[in-house]
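Derivation of every value follows stated rules applied to the coordinates shown; laboratory data play no part. On a predicted model such as this, the values are computed, not experimentally measured, just so you know. Every residue, glycine as well, gets a Cβ built from its backbone with ideal geometry; the counts of neighbours run over all protein chains shown.
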Amino acid sequence: MTGRVTHAAHAAHTAHHRRHRGRRGVAALLGLALLLSTAGSNSVAARDGRVVVGSKNFLESKLLAEMFAQLIEGRTDLAVERRLGLAGTQVCFEALRAGAIDLYPEYTGTGLTAILRRPPTGDARAALATVRAEFLRQWDLWWLNPLGFENAYALAVPRARMADAPLRTISDLAAVSSSMRAGFGYEFLKRQDGLPGLQTRYGLEFRHVRAMQQSLKYQAAAAGEIDVLDIYTTDGRLAAYDFVILDDDRQFFPPYDASGLVRGAALRRHPELGAVLGLLTNAFDARTMRQLNYRLQEGGEPVETVARDALSALRLITTDDAGPAPPPGREALFPYLWSHRTTLITRTVEHLALAGLALGLGLLAAIPLGLLLERRRRVAEPVIRIIGLTQTIPSIALLAFMIPVFGIGEIPAVTALWLYSLFPIVRNTYSGLRDAAPRAVESARALGMTEGQILHWVRLPLAAPVIMAGVRTAAVITVGTATLAAFIGAGGLGVPIVAGLQMADATVILSGALPAAALALAIDALLGRVEVWIRPRGLQRDPA
Amino acid sequence: MTPAPVLSVRDASQVFGADVRALRAVTLDVRHGETLVLIGESGSGKTTLLRLLNGLQTPTSGDVCLHGASIRAQDPIEIRRRIGYVQQDAGLLPHWTVADNVGLVPWLLGWEPARRAGRVDALLDLMNLDPRRFRTRYPVELSGGQQQRVAFARALAADPDIILLDEPFGALDAMTRHALQQQFLGLKQRLTQTMVMVTHDLDEALRLGDRIAVLKEGRLLQIGRPDELLRTPAHDDVAHLLRYRAEGRRP
Ligand SMILES: Nc1ncnc2c1ncn2[C@@H]1O[C@H](COP(=O)(O)OP(=O)(O)OP(=O)(O)O)[C@@H](O)[C@H]1O
Ligand SMILES: [Mg+2]
């Protein structure tokens, strides 16, 4: 065998190597899966003296979570792990229930309607009593005493829009709603205590309703593109825009008292936790909150700074800091990229690690699977079609499905990305092997090569460029989708993108989006080179 | 006197899927040292019959014997390494050089590299391909006729005593085809191999074949020497085939 001309030997050698790595890969993968599943279920038991604080992916939630975290750090010996910016109520709640986080800020109204699916009530005390009793009974989850302010839904209309007909209440709005264009957040559109209920209560019938991202709504309203929007009563931006908040004259919106939702297990394990968090009872009113939010949203100050200022103003923590840093102004893109280079490099490394790990595991699983399917042609098409279904699950939904099983953070993110990477590799491995030079395969068989030799010496080397093309597709998908990992707290370049979307700051968005796009292009180009390099020489039209 | 058959096909039928009857009860012998030509229109079962001979296909019913023993009882890999095969379109491995392609069967049989290289060069010489120029080329760098000659050299490499050729001069222009036919006739004199060759060109069959087997719709219509076929066609279709040729050749 040593006498073979180098190229054939080389191509076959890599193929051979790949096959063996593949077999070992399956074992490694099984081991890893086992490891991951135990890590997921034991994550609570495994950590002692450590509390995981989560938050949803909007600034007030992050601010409250950061205050919880700093308070715990400042007044107990517990270490705090932050999982801020998880995607929405469902993700946070599932993470809490699964024990992936120990507490996160929540609102009584959300607990009542979105989680318990109870009809909304106008009575704040009754709402709190209900969620407390039910969460405790059903899931051993505890609501802290309310923090003192409410962040409820309200409808707002730009004052400029009222020149001809001044509106004061939602009933006033109902009378003219058929001429109004509305822009509402995604959650508001779906929730029972959002638009559907509101429409029934007031008989609202808008001319046009658009689903819009929170911060874009404000800009659209200021630009006169929409006439009505849903707002949160503590939104800091209200200070910057001239909007009239309509009076909820028929008491539709349920109370949304801010509080903390904590796992009973965590409170029992660390009794000091309840005592320390209790210090925040009634600590903030809506006006204070709006100002804090303003600093975050419009001033672009970091959550850590604003949280520290708020806590030290209440003398709950002491700081040896020489006063708050001046709020950073909005920067142009390139100075911003430069001044944030260390963070961005860290994010890029995180991003590459997530995508690379997922792709590596994808190769280990998908190539052996493709080889196996090539030998079991009858089941191949159905199996590949089933794997193809993963491509049709929206990424954010796939990430959400991972939480009950794997919790939050890197493990579910890598698992989801791994699932995405499988299809292109399996499909190309299978079809590349199946369709590789059928006449050459036929003659190899006619001259007495065994099926194993044909696979090894003919099919694999000839299919290599096709397999590589699948790997390349998988790599680009994985790098692109990894931006969404930020939604379940896995870091990566999605973090600045999500943060920028919340602040409606294009510079911050681009500081994540540009490196992510550059990364995808670079990887595509690199793997394109590998694809050419791996192509057996005789297949090149123009031999070097 | 008639030498004992090297290969014999006994009442072999081949059915593909539910109703494609590619061969229907074909019985014939291939004699030692002869060149038997299989002729028939497209789809008549020529390739299928050839594939039965080296066990690439097992007949649905009937049997094929190699040196008197049923090939069902023998290792097909073993058989194929002992029988040369030239495919309808050369079928060279595109990612292997000419030398690797020609040396394929010797390599499978575990020949020493030096012995293999010597054999490859000798065969390329035999095929009028200068080894120094062609050894390291890839199939894409060859003309159609050169590819056919490499495929032919590859079939001869391990000195098999039987060679199967499926339209070896198929997709070639008339001049190259003629030149290769001449070369084949020359080789035939020097080689002692038994050959079974498929063609759908009657001229080629008459020129190269010691005997000719005529197939139609999976049935063997007639088998015999060229002059026998010309003199006493056993079937209207054979007569038709010959007449057609005679007319075609009229100036
Ligand atoms: N693997 C297969 N599956 C199904 N049908 C087949 C298969 N191989 C051959 N056939 C059918 O069997 C019949 C005979 O095919 P075969 O290839 O032997 O013809 P041929 O005489 O070699 O034709 P040609 O001159 O065009 O090469 C045809 O009808 C063909 O479609
Ligand atoms: Mg044929």
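Setting aside same-chain residues fewer than 8 positions from A:Lys56, which lysines have a Cα under 20 Å from its Cα?
A:Lys190, A:Lys217
What nm distance separates the two modelled labels at A:Leu337 and B:Ala69, each placed 7 Å from Cα along Cα→Cβ?
Placing both labels 7 Å beyond Cα along the Cβ direction yields 7.4 nm.
Restricting things to Cα coordinates, could you compute the convex hull volume per residue of the stretch B:7-246 in Å³?
Once divided by residue count, the hull of the stretch B:7-246 is 129 Å³.
So who's got an amide H within less than 5 Å of the one on A:Thr169, skipping anything under 5 residues away but keeping other chains? H placed 1.01 Å off N, in plane.
When sequence neighbours closer than 5 places are left aside, the close amide H contacts are A:Asp247.
If each residue of separation counts as 0.36 nm, what is the full-extension length gain between B:Val20 and B:Leu109 once their alpha-carbon separation is subtracted?
28.4 nm
Calculate, for A:Arg159 and A:Arg268, the FRET efficiency according to 1/(1 + (r/R0)^6) with r their C-beta to C-beta distance and R0 60 Å; round to the nearest 0.05.
So, using R0 = 60 Å, E works out to roughly 0.70.
Testing the spin-label approximation: label points 7 Å from Cα along Cα→Cβ at A:Ala506 and A:Leu389. State their distance in nm.
Placing both labels 7 Å along Cα→Cβ, they lie 4.2 nm apart.
Report ³J(HN,Hα) in whole Hz for each residue of the stretch B:142-158, in order, from the Karplus equation J = 6.51 cos²θ - 1.76 cosθ + 1.60 where θ = phi - 60°; Gly and Pro get x.
Coupling constants for the stretch B:142-158: 10, 6, x, x, 5, 4, 4, 5, 5, 4, 5, 4, 4, 5, 8, 3, 8 Hz.
Using r as the Cβ-Cβ distance of A:Gln199 and A:Ile396, and R0 as 22 Å, what FRET efficiency do you calculate, to the nearest 0.05?
The calculated FRET efficiency here is 0.25.
Once you average over the residues of A:436-445, how many Cβ atoms of partner chains fall within 10 Å of each Cβ?
Shielding by partners across A:436-445 averages 6.
At 7 Å along the Cα-to-beta-carbon direction for both B:Ser143 and A:Asp77, put a label point, then send me their distance in nm to one decimal.
The answer from the label model is 9.1 nm.
Which far-off residues, 5 or more places away or on another chain, put their amide H under 5 Å from the one on B:Met197, with H placed in the peptide plane?
Here B:Leu36, B:Val37, B:Leu38, B:Leu165 satisfy the definition.
Going by a ≥ b ≥ c, the root eigenvalues of the Cα gyration tensor, does the stretch A:399-544 fall in the rounded group (a/c under 1.5), the prolate group (a/b larger than b/c) or the oblate group?
oblate
Helix-derived [θ] at 222 nm for the protein assembly as shown: sum -39500 (n - 2.57) over DSSP H runs of at least 4, divide by residue count, nearest 500?
-16500 deg cm²/dmol
Please identify which residues in the stretch A:474-513 have an amide N closer than 15 Å to a label point set 7 Å out from the Cα of A:Asp524, following the Cα→Cβ vector.
Under cut-off, by backbone N: A:474-482.
Which order do A:Thr478, A:Thr390 fall in if you start with the one that has the fewest other Cβ atoms within 10 Å?
Taking fewest neighbouring Cβ atoms as first place, the list is A:Thr390, A:Thr478.
Among all helices in chain A defined by DSSP H, which have a length of 18 Å or more along the axis from Cα atoms plus a Kyte-Doolittle mean of at least 1.6?
Flagged H segments are A:506-534.
What does the structure give for B:78-91 when I average, per residue, the other chain Cβ atoms found within 10 Å of the residue Cβ?
Taking the mean over all residues of the peptide, I get 4.
Can you tell me the dipole magnitude for the protein assembly as shown around its Cα centre, using point charges on the Cβ only (Lys, Arg +1; Asp, Glu -1), in Debye to the nearest 20?
In debye, rounded to 20, the protein assembly as shown gives about 2320.
If R0 is 60 Å, what FRET efficiency do you get for A:Ser178 and A:Leu314 from their C-beta distance, rounded to 0.05?
Efficiency, rounded to the nearest 0.05: 0.80.
Checking the a/c ratio against 1.5 first, then a/b against b/c, what shape does the Cα gyration tensor give for the stretch A:153-245?
Here the stretch A:153-245 falls in the rounded category.
Averaged over B:151-160, how many beta carbons belonging to a partner chain fall within 10 Å of each residue's beta carbon?
1
How far, in degrees from 0 to 90, does helix B:113-126 lean away from the longest principal axis of the Cα atoms of chain B, to the nearest 10?
It works out to around 60 degrees.
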